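Every read-out reported here was derived from the displayed coordinates using simple, explicitly stated rules and does not represent laboratory data. Since the structure is predicted, the reported quantities are computational estimates derived from the model, not experimental observations. Cβ: placed from backbone, ideal geometry, glycine included. Neighbour counts: every protein chain shown.
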Amino acid sequence: MSLLKIGVFGAGRGEAMIRFLKSTREAQIVAVCDKVKDLLKPFEKYTGVICYTDFEKFILHDMDAVVLANYANEHAPYAIRCLNKGLHVFSEVLPVASLAEAAELVEAVEKSGKIYAYGENYCYMPASLEMKRMYESGRLGELEYAEGEYIHNCLPIWAEITYGEPDHWRNTMPATFYCTHSIGPILHATKLRPVSVTGFEIPYSAKCAMMGSKGGAAGIEMITLSNGAVLRSTHGNLCKNSIWYSMYGTKGRMESAREDADCGDMFTLYVNFDETEVSCDGHAEKVIPHDKFADIAAELGHKNSDYYPMHWFIEAIKGNKDADYVDVYEALDMALPGILAYVSILDGGAPKKIPDMRNEEERNKAKLDTRRMGKDFPPYSRGEITIDNAVYERLRSKLKNKEKKQ
Ligand SMILES: NC(=O)c1ccc[n+]([C@@H]2O[C@H](COP(=O)([O-])OP(=O)(O)OC[C@H]3O[C@@H](n4cnc5c(N)ncnc54)[C@H](O)[C@@H]3O)[C@@H](O)[C@H]2O)c1
């Protein structure tokens, strides 16, 4: 089989996938597209790679698959176009911006017969992978309660990641939408489905105002899973960073290390299992996860996790039935709780049922809900936030000064 030809749309985050493709013998990068010419410069000198600023020209390039690393609230329409053209799709987070898009995306994947892989890399951090292996071994028993956190204080990098644009998706996104880093690893490990959600929004803060962000500081989803277990997912812009997961099962507990504990964070897992469901004589054991990909994965970013989603995407295209990728249904299980948590917040905290997008009837119902992030949902539930243009001007000049120094 000749090398798979892959194009990357969005050259900011997309740079990580381009780096993967340059370093692998599994596939080749053949095209990159970004409307910002400066972002394309590093790739112009790559042999065999054509750079585009216009998606309409990029999509005509001879390719087998496309990586979507464009704006987080615009993935689904591009994914659907690529699938309809017969291309396999790897989508960065988030998969969709509305319930209607979710239904349309599933139908496009099913109709195309192509691989759709969701790039939820946090499922592949060393501790997340080890939790999945442990859960599958049965040593934890049945999941009863879990917690997932993705807290990222983005204040220092806000100018670089929003370019001082008032309407950048990061500035207009409701607090609960970016939920798949905190939910994903628990669902991927247990294969449980979310069935209902209640949302909470951490209030707007002085830091949000400095950043020019118009949404609440952080979001929380309290999710009931298909076996009755409860998952708390917390994510957003609080004052410290945390990537952390914990799972309680009928036979014990396992959790990754807290960053503040300075004992290896996502490179360390603590397990405390009992032999049976009624004994409580287990002792905590420190596990340092390592798998056959760990050394090569260490060369990529996000605590080794950037390697796996692309690797398994390519394996899935090649027909490997054991490819451990996140398919479209699982992607939506991870993302829909964030959308519906916000609907819950807007409805005074009433729990909302999460549709199973594998089911045609539930999908048809979802099609009727066309409210999109960035368009129909107010960024903040407690009233409109107005921000002085000087905030964005300051961010733009900070970015310009940084670029001058480089
Ligand atoms: N999984 C992770 O760990 C991780 C980390 C960072 C970002 N992301 C995701 O990656 C995606 C990209 O994020 P980002 O940080 O690069 O910022 P971003 O969303 O601002 O960047 C999107 C890029 O796509 C380009 N683009 C968008 N629409 C275009 C169009 N119509 N034509 C040409 N170019 C277009 C923009 O110019 C920009 O460079 C987002 O979905 C984000 O959620 C994921």
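When the helix-only estimate is applied to the chain (DSSP H runs of n ≥ 4, each -39,500 (n - 2.57), divided by the residue count), what is the mean residue ellipticity at 222 nm, nearest 500 deg cm²/dmol?
Here the helix-only value at 222 nm equals -10000 deg cm²/dmol.
Per residue, what volume in Å³ does the convex hull of the Cα atoms of region 291-333 enclose? Don't jump to the answer; show the numbers that get you there.
Values: hull volume 3.9 nm³, N = 43.
That works out to 91 Å³ per residue.
From the P(r) of region 4-121, could you give the percentage of C-alpha pairs in the tail past 19 Å?
40 percent
Of the residues LYS111, LYS353, LYS292, which exhibits the maximal mean-square fluctuation in a Gaussian network model of the chain defined by a 10 Å Cα contact cut-off?
Fluctuation is largest for LYS292.
State to the nearest 20 debye the size of the charge dipole of the chain about its Cα centre, where the only charges are +1 on K and R beta carbons and -1 on D and E beta carbons.
1280 debye
Restricting the calculation to Cα positions, tell me the Rg (one decimal) and the Dmax (whole number) of region 297-359 in Å.
Cα only, region 297-359: 16.5, 47 Å (Rg, Dmax).
Using only Cα atoms, figure out Rg for the chain and give it as a multiple of 2.2 N^0.38 Å.
For the chain, the normalised Cα radius of gyration comes out at 0.97.
Based on the mean of other beta carbon atoms within 10 Å per residue, what is the order of 77-84, 21-28, most packed first?
So the peptides 77-84, 21-28, ranked by packing, come out 77-84, 21-28.
Provide the packing ranking of 97-107, 315-325, i.e. peptides ordered by the mean count of other C-beta atoms within 10 Å per residue, highest first.
My ranking of the peptides, most packed first, is 97-107, 315-325.
Restricting attention to region 161-216, which chymotrypsin sites (Phe, Trp or Tyr not before Pro) occupy a DSSP loop and are surrounded by at most 15 other Cβ atoms within 10 Å?
TYR163
Let me check against my output: what whole-number percent is the relative contact order of region 4-121, with C-alpha pairs under 8 Å and at least 6 apart?
Reported as a whole number, the value is 23 percent.
Hey, could you get me the Stokes-Einstein D for region 176-240, Kirkwood radius over alpha-carbon pairs, 4 °C and 1.567 mPa s, rounded to whole µm² s⁻¹? Don't skip to the answer; put the middle values down first.
Numbers: Rh = 12.7 Å.
D, rounded to a whole number, is 102 µm²/s.
Once the other residues with Cβ under 15 Å from the Cβ of GLU275 are scored (Lys, Arg +1; Asp, Glu -1), what is the net sum?
Combined, the nearby Lys, Arg, Asp and Glu give -1.
How do 35-48, 115-128 rank on mean C-beta neighbours within 10 Å, highest first?
115-128, 35-48
Can you flag which of LYS214/LYS402; LYS85/LYS114; LYS207/LYS303; LYS45/LYS114; LYS240/LYS303 are past 19 Å Cα-Cα?
Details: LYS214/LYS402 24 Å; LYS85/LYS114 10 Å; LYS207/LYS303 27 Å; LYS45/LYS114 31 Å; LYS240/LYS303 17 Å.
In this structure, LYS214/LYS402; LYS207/LYS303; LYS45/LYS114 exceed 19 Å between Cα atoms.
For region 169-241 and region 96-138, what is the separation of their C-alpha centers, rounded to whole Å?
Here the two parts' Cα centres lie 17 Å apart.
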